[in-house]
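Structure first, then comments.
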Amino acid sequence: MNKHHEPTRPSGQQQITLRSPAELADALPYLMGFHPDDSIVMVALHGGRGRFGGRLRLGIPASPQEWAPIADQLATCLVAGSERREARPDAIVVFLCQDPAEGESAHQAMERLRPLAQRLRTACGALDVPVLEALCISDGRYWSYCCPDERCCPPEGNPLALPGTTVMAAAAAYAGIQVRGSLRDMEKRLSPLGSVAAEEQERALHSAGAALVPEMLDVGGRGEVAARTLALARELMERLGRAPAVAPAEADPRDDRLIEADQAAAVILGLQDRETRDRAAEWMEGREAETALRLWRALARRCVGPYRDHSAAPLTLAGWVSWSTGDEAGARVALGLALRADPGYTFAQLLHQACNQGLDPETLRRCLREEGRLRAVPGVPGACGGPDRRSTAAGAPRPAPGSTSGGARGRSAGSPSGPAVRPGQAASRRRARDGRRQGRRGAGSSR
């Protein structure tokens, strides 16, 4: 058995030392905040005792042809991110988590993923950062790709510890760390509705797009749509906040029933405007954050059919509110889905990078508070009653699918160094350039 010492600190007072693959496998859900099924997870280690540092997660690519480039990208991303955050890692731990496919045993799944584990080890080694342990977790068992000793790591694998029975579980419970089910369960809360509800919502989105997009592409009408969108979103948040408490399993269906299809469509389309989305991001603290998060989740579920990519805006807002309120696991899941919906969505990219690097969201919170404060001061540029200092910088909304009007797709501009840049800040000439580009692409273009 490989002997490792990877201390993690569930609280400021307690240190847990992990010495074996079994203890590493047991610790993974507590490191992530959920059970990362169907995932590659890489964790950086620092110092002679292997203190846990940055970590990243990515879904396992279905095609083995993608494994080599993905391995190189993940290794580079983790090492570079660790260097920006604190220091170059001294080692890395790799987890491959995937249950067997239909007709496949857990052992066969482990062997199928062995080339991916080797690719990851090679990619890390090429950066002069060794992989101390690479584990496969499948169907309640784990295997080590690094340990050749069958006495402790037999071919049939070892069973995972029963939940709540380990030292790590006890320390996490004492520190108030919760594991909230599987990644699949968390993603389901943000996934599009199905069946009849989806059909009704798609019709409402088509109608809203036909009515709102031409108005949003007009300089004068755009501000009116933004005001209506924010007012309606606020109304829906208040409605959600007044709803009586229900069991956790009924919370999302209850919220879905409280929001009409045409209301959801109007807010979803309105949030495609970057400045409107940035204004909504100011609902990030206290009771306001709680109801805003419920609304963004519900709107993400309403982005159905050809409007799936429109979910990038509410998913990014859900990720931001989660991160702002201390729920890093929920933030990573929501932001990961936002980037899956639109890989080029800049605000999601910046937030995802900052969250994974363990940065403090207070920097962005201060910026958003200042935005709100300035708008509340009459006569100050960008405030209520004064000229909007961002009116030339905000991006135009994305057109609805099938729209005959072009328009720049709403994305947040900012420095790749982190989220401290004011959301929505970009050069006016970029907006003009994107508008011309959209006009050339013609009807139905999604970019």
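Going by the structure shown, is residue 71 in contact with an Asp or Glu (Cβ under 7 Å, 6 or more places away or on another chain) and of a type in the set (Gly, Ala, Ser)?
no
Out of (1) in a strand (DSSP E or B); (2) buried (at least 22 other Cβ atoms within 10 Å of the Cβ), the odd one out for residue 52 is which?
(2) is the only condition that residue 52 fails.
Can you find a residue that is surrounded by fewer than 21 Cβ atoms within 10 Å (Cβ to Cβ) and either closer than 19 Å to residue 308 by Cα or within 24 Å of the chain's Cα centre (by Cα) (or both) anywhere in the range 242-249?
For the range 242-249, residues surrounded by fewer than 21 Cβ atoms within 10 Å (Cβ to Cβ) and either closer than 19 Å to residue 308 by Cα or within 24 Å of the chain's Cα centre (by Cα) (or both): present.
Do we find a residue being farther than 20 Å from residue 26 by Cα, buried (at least 17 other Cβ atoms within 10 Å of the Cβ), at pLDDT 95 or above and small (Gly, Ala, Ser) anywhere in the range 121-134?
Yes.
Within the set of pairs 6 or more residues apart or between chains, which connect a residue that is free of Cβ contacts under 8 Å to residues at least 12 places away in the same chain and of a type outside the set (Val, Ile, Thr) inside the range 213-237 to a residue that is part of a helix (DSSP H, G or I) and open to solvent by 20 Å² or more (accessible area, probe 1.4 Å) with Cβ atoms less than 7 Å apart?
221/215
Kindly list, by first and then second residue, each pair from a residue in the range 269-293 that is free of Cβ contacts under 8 Å to residues at least 40 places away in the same chain to a residue that is assigned to a helix (DSSP H, G or I) and open to solvent by 10 Å² or more (accessible area, probe 1.4 Å), limited to pairs with Cβ atoms under 7 Å and residues at least 6 apart or on different chains.
Listed by first residue and then by second, the contacts come to 289/324.
With the range 250-369 as the region, which helices (runs of 4 or more DSSP H) entirely inside it contain at least 1 residues that are modelled with pLDDT under 95 and in contact with an Asp or Glu (Cβ under 7 Å, 6 or more places away or on another chain)?
On the way: elements: 261-270, 274-280, 286-301, 312-324, 328-341, 346-356.
Answer list for the range 250-369: 328-341, 346-356.
Quickly run through the range 99-114 and pick out the residues that are surrounded by 17 or more Cβ atoms within 10 Å (Cβ to Cβ) and within 9 Å of residue 139 (Cα to Cα).
Matches in the range 99-114: 106 only.
The values are calculated or read from the model by the stated rules, or taken from the named source; none is laboratory data. Since this is a predicted model, take the numbers as computed values, not measurements. Cβ sites come from the backbone with ideal geometry, for glycine too, and all protein chains shown count toward neighbours. When the accessible area is computed, the model is the full protein with side chains, heavy atoms only, and any ligands, DNA or RNA have been set aside. Shrake-Rupley method; radii C 1.70, N 1.55, O 1.52, S 1.80 Å.
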